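Below: the structure, in structure tokens.
The values are calculated or read from the model by the stated rules, or taken from the named source; none is laboratory data. From a predicted model like this one, the values you see are computed outputs, not experimental measurements. Positions of Cβ are generated from backbone atoms using ideal geometry, with glycine treated the same way; all protein chains shown enter the neighbour counts. Only protein heavy atoms, including side chains, enter the accessible area calculation; ligands, DNA and RNA are left aside. Shrake-Rupley method; radii C 1.70, N 1.55, O 1.52, S 1.80 Å.
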Amino acid sequence: MRARYGVPLSIAAAGAAGLVYAAGIEVRSFRLRRVTVPVLPPGMRPLRVLQVSDIHMVSGQRKKQRWLQSLAGLRPDFVINTGDNLSDTEGVPEVLDALGPLMEFPGAYVFGSNDYYGPRPRNPARYLVEKVQKRHGLNGNPPVVGAIHNPWEDLRDAFDTAGWVNLTNTRGRLKLDGSAGGFEIALTGLDDPHIKRDRYAQVAGGPEPDADLSLAVVHAPYLRTLDAFTADGYPLILAGHTHGGQLCIPFYGALVTNCDIDTERVKGLSTHTTAGHTSFLHVSAGCGTNRYTPVRFACPPEATLLTLTARD
């Protein structure tokens, strides 16, 4: 009996331990990723950009709220929020409480599908099926029926009131004060490609020559948006959405990205090349999860402090 059942029981025990770790420990082990990106014109002093993404706030997540509040101590020059703030129709007040200290800094934002619509229970195996079939979100899948609508307008109004720039299929500017005074950042953003709300034709044309720096911002890093931004000459693209794979295999990495980008670029800093142009790409693994899959494994929750430096 021992020879027959010893190995399966060991595997079951290891799986249970892994689930306890993924749901009880790692999902709350918030980290700060630090990267340096040489995209500024020669002679400009470094700029520090804090990127927050995929908060997926659920009422009662106090540790996540306190950690997000603490990021204000980094004193970034500006903040970029790449969407999916909500995973609860009642979560807007807690998102605003968590981001309140950060909203004292210049900032900009785009929304993701979970800002607009509430999550639904979903078999995680479907992500693997969609990867094989190359269908993600509304890209190749039928329209969602009976979707739960989140109060995203309240979130938008609060961000706008704080002075954050709404980049929903539009362009905007950030004028930096303090030690970075005099610098002007041009930003070009898209609505979420995961639910086919991106309209690149409305923002096409590339960087703005009279700005000190032009950046591109989108929630989900679909290849069509990366190609468009890169072909237009943006030096840096910021995105989120992937959760870094969320459930990864140690020493191997992510199995899925929940979009059509490859798993090698599921999180962190990389590059994207098309039509003879190359852009830096930073994909945040985010600091939350869908409320129905509250686990992370080999992929801790994160925000990123990007230090932008002068090009060689």
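Projected onto planes of every orientation and averaged, the convex hull of the alpha-carbon atoms in the stretch 173-259 covers 7.6 nm². Extending 7 Å from Cα along the Cβ direction at Ala275 and again at Gln69 yields two label points whose distance is 4.6 nm. By accessible area, using a 1.4 Å probe on protein heavy atoms only, the chain has 56% of its surface on carbon and sulfur. Spatial offset of the stretch 266-312 relative to the stretch 124-150 amounts to 22 Å, using the alpha carbon center of each.
Accessible area per residue for the chain, computed on protein heavy atoms with a 1.4 Å probe, is 44 Å². For the stretch 244-263, the residues whose backbone nitrogen is under 17 Å from a point 7 Å from the Cα of Leu128, taken along Cα to Cβ, are 245-250, 252-259, 263.
Annotation: extensible slack from Arg199 through Thr161 equals 11.2 nm (criterion: 0.36 nm per residue apart, minus Cα-Cα distance). A simple spin-label model places the labels of Tyr292 and Arg171 4.1 nm from each other, with each point 7 Å out along Cα-to-Cβ. Stokes-Einstein diffusion for the chain, with the hydrodynamic radius set to the Kirkwood value over Cα pairs and evaluated at 20 °C in a medium of 1.002 mPa s, equals 107 µm²/s.
For the stretch 23-107, dividing the convex hull volume of the Cα atoms by the residue count gives 104 Å³ per residue.
Altogether, the Stokes-Einstein calculation at 10 °C and 1.306 mPa s, with the Kirkwood radius of the stretch 68-212 over Cα pairs as Rh, returns a diffusion coefficient of 93 µm²/s. With contributions of -39500 (n - 2.57) from each DSSP H run of at least four residues, the per-residue ellipticity at 222 nm computed over the chain stands at -7000 deg cm²/dmol.
Which FRET efficiency value, to the nearest 0.05, is calculated for Ile148 and Arg311 with the Förster distance at 41 angstrom and r the Cβ-Cβ distance? In this case the efficiency is close to 0.35.
If both residues of a DSSP beta bridge must be in the chain, then about 40% of such bridges are antiparallel.
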